[in-house]
Every structure is written in C-alpha cells, then in structure tokens.
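First the structure, in the form of structure tokens, and then the observations on it.
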Amino acid sequence: MRRSIVFCLVTTLAVAGCGVGEKPAATPASGGKVELSFLVFETPNLNAAFWDAAIARASAKVPGVTIKKLVTPNVDRTGYAKQLDASGHLPDILQSVNPAGFAEAGKLAAFTDDELTNFIAPKAGAVDGKIYQLPYNTQVIPVVYYNKDAFAKAGITETPKTYKDLLDVSAKLKAKNITPFVVGGGGADTWADMYPLTGTVATDVYAKTPDFLTQRKDGKVKFADADFTKAAQKVADLAKQGYIDPAGLSRSYADTEQAFRDGKGAMYPMGSWFATSADNNKPGFEIGAFPWPSDDGTPVTPTFTGGGTSVSASAPNVDLAKKWALAFDEDKENNDAFVKLDGSIPAIKGYTPPTDMGPVYQATVAIYQQGMKDNSIVNAFSQETGDGSLPPGLADKSALGVQDLITGKKSAGDFASYLDDQWAKATQ
Amino acid sequence: MTEIQHGTRGEVDPAAPRQSPSHGGSRQRGAAIRRRASARIWPKLGRFGLFALPGLVAYVVFVLIPIGMTGYYSFTNRNPFNPPTKWVGLRNYGDLLGDQEFRQALVNTVIIAVIVTVFANVGGLLIAMLLDRPTKLYVALRGIFFTPVVLSAVVISVIWQAVLTDDGLLNSLLRGLGVDHPPGWLSDPDLALYSIAWIITWQMLGFCVVVYLAGLQGVPRELQEAASIDGAGRLARFRNVTWPMLAPALTINTVMLLITGFKAYDQIQVITNGGPGTGTTSTMAFQVVQTAFNGNHIGYSSAMAAVMLVLVATVSVIVLRLLQRREVTQ
C-alpha cells in the first residue's frame, strides 16, 4: 500500500512538473540532429504549404537541423512570442517578430556584421547598433490600391498627386455613391485600420522630422504637437466626410481585402504585400496603385525594412540556429515565394524578382524605386522596429485609437494626447 | 476508568456506564475520542488520498501556485523585458485607482455580467418550461439548445462574427428586408458591448435550460394538482409552487452566469479586440492579458488580476449566500 502511494506521488509530481516554466534542453532529433523550434504565422497569402516548403528548402542547406514548426493563433506573432516567453518557451527561431523588448532583455542573439554582408540595409531596425532581426525585405506602407473601374465611373482620369487631389477624387466617388476608402480593423486585426494614419504621418510628420519617434523618446517632441495632430485630423476628416466607412471596423483583415475585391470601396490603403494577392487572385476589375500624396505633391515613400527571422539567445545551438535563419532568409527560392505570395521586395544584394510578376506588383515596386530615386524614403509609422520605434504595446493602442478617430469618439487632439499618455504608461 | 466502546463507525456505546461530569474527565475523554477517531480515519484517508492526489497536485500546481505567484507579482514592477524586478509595495494598487482604462474595463465587465445573468436566466427558464414535456421531439430540442454550451467560446465567436459583421448574415437579411442602413453590431461603439453580452448569453442559455429542466422535473406533480384543486390558475401555480421549488436551480444558474460574465475574455479577443476604439468592449480579463503580454507590465497586470479575483469571489459568495438563504426560507 505504502509503496503504491509513493509510486503515485512520484508519478504525479513528475507529470505535473513537466512543462512548468523550464524550457526543455536541446532535443537531439533522430540521427544526432538538433531540433529547433520555428515560430511562423499564417495569412491568406502565406499559408501552411508556403511555410512547409520554405522550411524544407532552408533545412536542405543546413545539415544537422530539424525544424519544429510552431504557428501563431493569429497574425500577432509578437504578442504570441511574448506569451511563449512568459512561460519559458520562447521559440528558437522567430519569423517577423518585433525584436523590441526581447533584444534589450538579452533574449535574442545579435547577428554579426559578417553575417549581414548579403543584406542591402544591414543596419535597418538596429537596437543599440546591433541587429536582432534580419532585414531581408522592404515593404511600402501604405500604397493606395485603387479600383480603375470605379475611378472611370466617377470620371476620374488621373491618380491624385496632392492631398487636395485625393480629397477631390474622394468627393467625386462619393457623389457616385461609391465609398472612397476601404479600411478594416475588426476582430483581432485592429492593426488593419492603421494605414491612412501611416500615410498622413509620413507626409505631415516624418517628411519634416524623420527621427520623430527617437525625438519623442528623448522628450523633444510630443504627439500633441501640431504636425502629428494635423496628420490625425486628416484621418478624422476623411471619416467625417463619409470617405471612410466605419462599417469596416467590424471587418477582419481578410474580410477587408475581400470587401475591396467585392467593390465595396474604390481605394484600399494597404501594405505592399497586397500587390501579389491582387495579381494572383484578380477581382473583376483592374487595380492600380499610387503613393499616399502629400499636401504639395512632394513625394514621400513610407517603408519598412526588416521583418526577417530572429534567433533566441537560449536556442540549443545559437550558431546553427543563426546559420539556418540566414539560409531561410537568403534562399533565392524562398524570396521568390515571398515575392510571389506576399508582394515582398527583397533587400538581399544581387536578388532580382521573377520576371513574370503581375502588373500590381510591378506598379508597387515602381513606387518604391521612385522613392529611392527621389530620396523620399521615410519610416512607416507604427511599423518601425529597433531604436526609433514605438514602445511595446503602443502600436496596438494606436490602432484602437484610430478606431476612435474614425467613429468620431475622439478628436485629433484627444487622440494625440491619448498617445502621449499611453507612451508615458508604456515606458514607466 | 470509563471505557469507550469501539464500534465500526466509532460511535460511543450508549450502554457504557457514564463518567461523572467533571471537567478533567470530560477533557480526557474528548482527547481519547479524537486520538482513536484519528487513528481510524488516516488509513481511510490514505486510500481516498491516493485517488485524490493527482487532482490535488494539479490543483496546487495549476491554480494555487499561480494565484500565489500573481499575488506576489502584484507587489512588484515585474517586466520580463525590463529587469530587475523590484518590490513596489502597494503602488500598483494605488495606480489602479486612477487608471481610467481599468475603470472602463470594470464597468464593461459589470454590464456584461448583469446582462448575461438576467437574460440567460429568464430565457433559460422560459425555454425550459417550453421543453418540459416527455416527447422525443422535446428531448431532441434539449440537445440542440445545449450544443452551444459544449462548443468552445472561440468557435462561437467566429460563428457570431460572421453573423454580426457589417457585411454579415444579419445585416444582409435586414438589407434584404429593406433596411438601408442596418446597425453596426460590432463596429458601432454604442452597440458592440451589447452584442458581446448577447453572444455570451446565447452560449450560456443551454446551460440554464438544462439546470431549470432538472429543477422542473423535480417539482412533485401532487403539489401542482393540489394547487389546481385549490383553484390556483397557471400563473398562481408557477408563482407559489414551481418558482419556489426552482430556488436551487436559480442559485446554480445565477452564480455560474455571474462568474462567466466576470471572466469574459475569449469573445472579446476574437470578435472586437477590445474595440471598436479604446476600451469600448475591454473587460477586466482582457485588460489583464493586454497589459501583461502587449505592454509587458506583468506586475501591474497581476494587481489587476488580484482585484478581479477578489471582486468575483466576493460577488459570488454574497449572491450565493443570499440565494441559499432564499432556498432555506422557501
């Protein structure tokens, strides 16, 4: 009897002890390989088959590694990575997770300059001068994708060059009972409402003060300052004029994209990743693209460079994990797949995209290349990583605040003050 | 010396001679009873304990220890991305008093809890009374009404999201009926919270139906017949016979619904993410998770969780006591 009690005690404690807090030690997979966990996220563009194929290609280049794929429950991979970290299970390799916070806390391994020689912008997203996330691709955020049929129906022959043009175009569309902008942000995809504001902050704030967030961190500027408030006011006015339909706030990201495809609005301010989705799954109308216009028509091109893989400092074999991460991000076929499925603009030296890319992707890349030529590249607000980025959690708060701007619950001034308050809270 | 007879169930033999009622003797006798009873109980407890052990360990590991850790963290500034963790005493609790977002989340939580408790109780009772018939059709209907209870809240949320979005089933139906501008059930800040409360109510309805059905089936037919003979109408029979007999069912339902309402999280996470806008549908549980895992303020969110625990426990105990008293008096 006593022996059975002892047996039960030991077994129960052993079972209960498993998985509590501590990360399991390096798991040698079959054949002496090291097993590394890899956190990915699935979207309508980047589905399970894409990740499986990309992982297989990288693994073929790095012998001795077996990858265990982990998938986030939604696209908020940074939030999920934090939850995993809190339980002591930070994955060994992470895809497109914002390194802010993780890097400063020593949870990520820095890439050396030698490891970054193949990247066009090797210092993009640096934290204290070190790179914790491979800067493997560039995205233009936002590009304004538009329905050429709707424009034609409203008698619009040219894309807007100035912000006033944009308002005129919106007025003409509305006069024809066409909702000018499709803006989403429902469910867990609140982030999808950010793009009009990302556009106005680029033209009204970052064009003048490119290091605005660094200055905000140093206390030299505030969101409540005139430029940022003006940028917010533009979004509030678009909604007030009925150019943005608040109904979109109940649409998830996928539903928002579908709403544009279904012709529920004429313009869709979205990240450049929409381009290949538009080419691959063509709606019943032609899609064009133009950059978010500034007041006087001076070109401003908000972009984000980064978004690649990061490696946990506590991975069972950090060097091997970094080698695998580099193989994953530098692989030509993987980048081709990112280009074809997610409209990525790879920032890898010597990389050329496939020649058979569709017209929307070509138009998107042309906007980026024009931006490079004009020297008009600025950061994309709320997308930044590294030193000049929002504190953890503030991008989500901004997205919720934008909903208030759109529904009229907050004025531009209130929204700006709200962001200042949230900044203070986040950095306490 | 008085001898205590050892029966199999440990009773004192009534035939045994009584000891004089002196204090010392009584104390000795009591101690002896306790010693012997305890000697008999431990082997039995050992056997039961063997079965209870896995559950007990799981409870300690997954419930008590985390509660203890949460309590401890609530007095620190713990932020895994900004070490070291320091003891800050009651500062987190003090900050909560002036936290507008937390206050809003508290108000939203109370609104959801009240709506869910009232409407699921009333709806559950009405449906239970309709289904309180022995035919196969009604047995099948009971199963259908119970289905949402066994589905996960995430599944329910995805289904209702498809129904309530602006392009969803409900608004398509309303547009089909000629309503040009149907309400934004999830996009209108004035409606979204009530939509969430409705979804939770709908999910819990089946639970209430089953509990009330069990209660209804326990009402003796003779009492109903006696009331009828005394001239009581349908309403009077319900008020004076059925309703008092349903008191235990009301207690169970009310406490369960209150706890469910206070814990509301999944539906908000899936359907609104706390929006539209700042704090519109944010609940205490949602605020705890956001503060911990988006803002990284584990210490502060632990204080929120501690307040939530105390609040839910207090309200539940008060309501439980009040309703149990009603059971007794009736």
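Can you pull out every residue in the range A:47-98 that is closer than 25 Å to residue B:154 by Cα, of a type in the set (A, V, I, L, M) and either more than 14 Å from chain B (Cβ to nearest Cβ) or part of a loop (DSSP other than H, G, I, E, B) (or both)?
Result: A:48, A:49, A:70, A:71, A:75, A:90, A:97.
Does residue A:187 meet the test of being more than 14 Å from chain B (Cβ to nearest Cβ) and not in a helix (DSSP H, G or I)?
No.
Could you identify the single residue in A:421, A:404, A:396 that is assigned by TED's automatic domain parsing to the domain that holds residue A:248 and over 23 Å from residue A:270 (Cβ atoms)?
A:421
Is it the case that the range A:198-214 has a residue that's among the charged types (D, E, K, R) and within 14 Å of chain B (Cβ to nearest Cβ)?
The answer is no; no qualifying residue exists.
Could you identify the single residue in B:109, B:165 that is closer than 28 Å to residue A:418 by Cβ, touching a Phe, Trp or Tyr at 6+ places or on another chain (Cβ under 9 Å) and within 13 Å of another protein chain (Cβ to nearest Cβ)?
Going through B:109, B:165 in turn, just one is closer than 28 Å to residue A:418 by Cβ, touching a Phe, Trp or Tyr at 6+ places or on another chain (Cβ under 9 Å) and within 13 Å of another protein chain (Cβ to nearest Cβ): B:165.
How about the range A:146-184: which of its residues are of a type outside the set (A, V, I, L, M) and within 14 Å of another protein chain (Cβ to nearest Cβ)?
A:177, A:179, A:184
Cβ-Cβ under 8 Å, sequence separation 6+ or interchain: first residue in the range B:152-179 and without any contact (Cβ under 8 Å) to a residue 24 or more places away in the chain, partner among the basic types (Lys, Arg). Which pairs?
Once the first residue is without any contact (Cβ under 8 Å) to a residue 24 or more places away in the chain and sits in the range B:152-179, its partners that are among the basic types (Lys, Arg) give B:165/A:251; B:166/A:251; B:167/A:251; B:167/A:264.
Would you say residue B:241 is under 22 Å from residue B:326 (Cα atoms), in contact (Cβ under 8 Å) with a residue 24 or more places away in the chain and under 28 Å from the mean Cα position of the chain (by Cα)?
no
Mind telling me which of the residues B:173, B:96 ends up being over 30 Å from residue B:306 (Cα atoms), more than 12 Å from chain A (Cβ to nearest Cβ), out of contact with any strand residue (DSSP E or B) (no Cβ under 7 Å at 6 or more places or on another chain) and of a type outside the set (Val, Ile, Thr)?
From the options B:173, B:96, the qualifying one is B:173.
Which strands (runs of 3 or more DSSP E) does the range A:299-401 wholly contain that include 3 or more residues that are of a type in the set (Ser, Thr, Tyr)?
In the range A:299-401, the matching strands (runs of 3 or more DSSP E) lie at A:301-306.
So that you can scan it fast, the table gives a plain yes or no per residue for (1) within 23 Å of the chain's Cα centre (by Cα); (2) within 14 Å of chain B (Cβ to nearest Cβ):
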site	(1), (2)
A:355	no, no
A:362	yes, no
A:368	yes, no
A:371	yes, no
A:378	yes, no
A:391	yes, yes
A:394	yes, yes
A:404	yes, yes
A:412	no, no
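Quick check on this structure: which one of B:215, B:274 is buried (at least 19 other Cβ atoms within 10 Å of the Cβ) and either on the phi > 0 side of the Ramachandran plot or within 14 Å of chain A (Cβ to nearest Cβ) (or both)?
Every option except B:274 fails the conditions.
Which residue out of B:267, B:224 is within 14 Å of chain A (Cβ to nearest Cβ) and either closer than 26 Å to residue B:207 by Cβ or in contact with an Asp or Glu (Cβ under 6 Å, 6 or more places away or on another chain) (or both)?
B:267
Looking at B:62, B:81, B:48, can you tell me which residue is within 11 Å of another protein chain (Cβ to nearest Cβ), more than 17 Å from residue B:291 (Cα to Cα) and not acidic (Asp, Glu)?
B:62
Return a yes/no flag: does the range A:113-131 have any residue that is touching a Ser or Thr at 6+ places or on another chain (Cβ under 7 Å), among the hydrophobic types (A, V, I, L, M, F, W, C), part of a strand (DSSP E or B) and within 14 Å of chain B (Cβ to nearest Cβ).
no
Taking the condition over 27 Å from the mean Cα position of the chain (by Cα) and within 14 Å of chain A (Cβ to nearest Cβ), does residue B:154 pass?
So residue B:154 fails the test.
List the number of the failed condition for residue B:295; all other conditions in (1) over 25 Å from residue B:74 (Cβ atoms); (2) without any contact (Cβ under 8 Å) to a residue 40 or more places away in the chain hold.
Among (1) over 25 Å from residue B:74 (Cβ atoms); (2) without any contact (Cβ under 8 Å) to a residue 40 or more places away in the chain, residue B:295 violates only (1).
The values are calculated or read from the model by the stated rules, or taken from the named source; none is laboratory data. Because the structure is predicted, anything quoted here is derived from the model rather than measured. Cβ atoms come from the backbone with ideal geometry, glycine included; neighbour counts cover every protein chain shown.
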